[in-house]
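All of the numbers you see were taken from the coordinates with simple rules; none came from a lab. On a predicted model such as this, the values are computed, not experimentally measured, just so you know. Cβ placement follows ideal geometry from the backbone for every residue including glycine, while neighbour counts extend to all protein chains displayed.
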Amino acid sequence: MRRASILTAAAVVLAVGAQSRGNILPVNSNSKVEYGIEYYIETDKAVYDLGEDLGLLFRMTNLTDKEWELRWGGPGRDIVVEADGEAGALWAWSWWIVVDTGPRSIRLQPGESWEIVDVWPQLDYGGIPDPEGGVPAAPGTYTVTGSFEPMEVSVSVNITIVPEPATIVLLCGGVLFVKKRPFRARL
């Protein structure tokens with residue numbers, strides 16, 4: 001009787017955990033503080049199934065007790081996804097944003113934040129922003145970097161993309177799940 005109760009409880013825990021695994025995994029984040037500004041990058045988790053959208057966040061927060069203002073020309077804030085060991089971006093937030101080329105500025109009051117929130121659909125654009133293009137990203141390790149170029153500050157996290165379990169079974173031909181039956185000669 002006790003053994004049946006333990007097995008039932010274990011089955012419930014596994015079933016509930018399988019249904020809500022995305023909710024119990026912690027976010028994947030990193031931050032650094034320079035001159036009173038915190039630069040923070042976050043993905044909604046560290047390991048993704050192949051083809052699963054990645055939630056991305058890059059935030060700048062004024063940790064000082066004074067207003068922070070900066071004016072600059074040229075590129076500014078960005079989130080970039082790169083494959084480890086390969087040169088060039090697969091995807092960048094700035095590719096999809098219409099930006100004028102004139103002077104820019106940012107002003108943050110004490111405790112105030114500015115952020116980019118977006119989703120990378122696991123497409124590799126090969127460095128060329130094309131809404132009609134892109135091929136699915138391959139399993140592997142990737143670096144997600146949030147940057148603020150006027151201050152030459154960047155902060156990164158690594159993520160891993162794994163094949164779906166069904167894909168592994170398909171690629172392995174189900175070998176792991178097939179039980180061999182001993183050959184018996186019939187006489």
Next item on the list: Please report the base-10 log of the normalised intensity I(q)/I(0) for the stretch 26-177, using a Debye sum with one equal scatterer per alpha carbon and no solvent, at each q in 0.20 (1/Å).
Entry: -1.26
Item checked: Interchain or long-range residues, amide H under 5 Å from Leu50's placed H -> Val162, Glu164
Check: When each pair of different Cα atoms in the stretch 70-153 is counted once in the 1/r mean, what is the Kirkwood radius in angstroms, to one decimal?
Finding: 14.5
Margin query: Contact order normalised by length for the stretch 26-177, with contacts defined as Cα pairs under 8 Å and 6 or more residues apart; what percent is it?
Written below: 29
Note to self: Could you give the length gained by full extension between Glu152 and Ser113, i.e. 0.36 nm per residue of separation minus their alpha carbon distance, to one decimal place?
What the structure shows: 12.2 nm
Next item on the list: Apply 1/(1 + (r/R0)^6) to the Cβ-Cβ distance of Trp95 and Val27, taking R0 = 25 Å, and write down the FRET efficiency to the nearest 0.05.
Entry: 0.55
Note to self: Test of the criteria: in the stretch 105-142, which GluC sites (Glu not before Pro) are in a DSSP loop and have at most 14 other Cβ atoms within 10 angstrom of their Cβ?
What the structure shows: Glu112, Glu132
Check: Which residues does a label at Lys66 reach in the stretch 104-131, if reach means a backbone N under 15 Å from a point 7 Å past the Cα toward the Cβ?
Finding: 108-111
